[in-house]
Amino acid sequence: MNVYVISLDQDIKRREELLKKFPKTYPKMQWVKAVNGKSLCAKEYFGYVQKYFNKNNKIITPSEVGCTLSHMKALNFFLESSELYALILEDDVRGCDLDVEKLIKKFSCKKSKGIYLLRDQNGFGFEKYIFGKKISDYYKIPKLSINFMFGSCAYIIDRESAKMILDYHSKDIQLTDAWLKIIESTKINFYYSPVFIHPEDLSVSHIENERAHFYTNEKNFFKRVYKQGIFWKLANRIRNDLCSWMLILKGYKRIHKVVKK
């Protein structure tokens, strides 16, 4: 299994930190030079924006476009190899050599297909909706829970699933971690194991910094309530709670402890 690291050319410090955390694995990692969405020409960027807006009725930022294109680049590199699986990492992932060694050993004899999300989902605030059925060292995740799972800093994928994702983004570019939309379109199996973590300080995130400037919060209370659809959100929460109970009756178990704030 090849290990691919997505990193912008200028993010030298991130790769230095990666070397410290993965001293044995780092020399074997294949560097995928990330696409800097901010450097895309206007024509190319707005071509993606139009396609995304027509499908989602909102704008995709330059860094979000760059992130998706970078992951597509990594998947193409993977398909050019003869390996059955690939471990895709972003350069700000947190883990150690032992984590990677265990994954390589497990997948050396695996034959299942799908996406294996490895980014710990604690901290997003949706732990109560993340259910799964334990299969070996991984959880098979239902559609309800996929909707509340985020991040693309660490995942394993097989060749067939990689081809389907590339085909999906080529026709209908989407956020890299819009897992539910991708799964609904491709019918790829989705698994999860909290192996790696992502830095809690999002101030160093290129995408989050851009989102903070790209989107503005509405200050007027009544306009904000109207835009957010408070009654729709309440109904949606009730629906999600009912679906959660249905999953429990079907044998699914909540994966993470729910922390009451």
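Quick notes on this one:
- Residue list for segment 166-196, filter: open to solvent by 40 Å² or more (accessible area, probe 1.4 Å) and assigned to a helix (DSSP H, G or I): D167, S170, K171, K181, E184, S185
- Members of segment 91-130 that are at pLDDT 95 or above and of a type in the set (F, W, Y): Y116
- I115 being under 28 Å from N236 (Cβ atoms), touching a residue at least 40 places away in the same chain (Cβ under 8 Å) and touching a helix residue (DSSP H, G or I) at 6+ places or on another chain (Cβ under 7 Å): yes
- For segment 111-124, the set of residues classified as surrounded by 17 or more Cβ atoms within 10 Å (Cβ to Cβ) and among the small types (G, A, S) consists of G114 only.
- Considering residues of segment 215-249 that are in a loop (DSSP other than H, G, I, E, B) and surrounded by 10 or more Cβ atoms within 10 Å (Cβ to Cβ) only, the residue modelled with the highest pLDDT: G229
- Failed criterion for R94 (all others in (1) touching a strand residue (DSSP E or B) at 6+ places or on another chain (Cβ under 8 Å); (2) open to solvent by less than 20 Å² (accessible area, probe 1.4 Å) hold): (2)
One line per residue, one yes/no per condition, for (1) basic (K, R); (2) surrounded by 13 or more Cβ atoms within 10 Å (Cβ to Cβ); (3) under 24 Å from S193 (Cα atoms):
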residue	(1), (2), (3)
L8	no, yes, no
A34	no, yes, no
G47	no, yes, no
S63	no, yes, no
G66	no, yes, no
F77	no, yes, no
L87	no, yes, yes
C109	no, no, yes
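- Positions within segment 149-164 being of a type in the set (A, V, I, L, M), part of a helix (DSSP H, G or I) and open to solvent by less than 10 Å² (accessible area, probe 1.4 Å), in sequence order: A162
- Set G114, G66, G123: member being over 27 Å from T186 (Cα atoms) and within 19 Å of the chain's Cα centre (by Cα): G123
- Looking across segment 126-148, just one residue is open to solvent by 60 Å² or more (accessible area, probe 1.4 Å) and within 14 Å of the chain's Cα centre (by Cα), and that is N147.
The values are calculated or read from the model by the stated rules, or taken from the named source; none is laboratory data. Note that this is a predicted model, so its numbers are computed, not measured. Neighbour counts are summed over all protein chains in view; Cβ atoms, including those assigned to glycine, are modelled from backbone coordinates with ideal geometry. The area values use the complete protein model at the heavy-atom level, side chains included, leaving out ligands, DNA and RNA. Shrake-Rupley method; radii C 1.70, N 1.55, O 1.52, S 1.80 Å.
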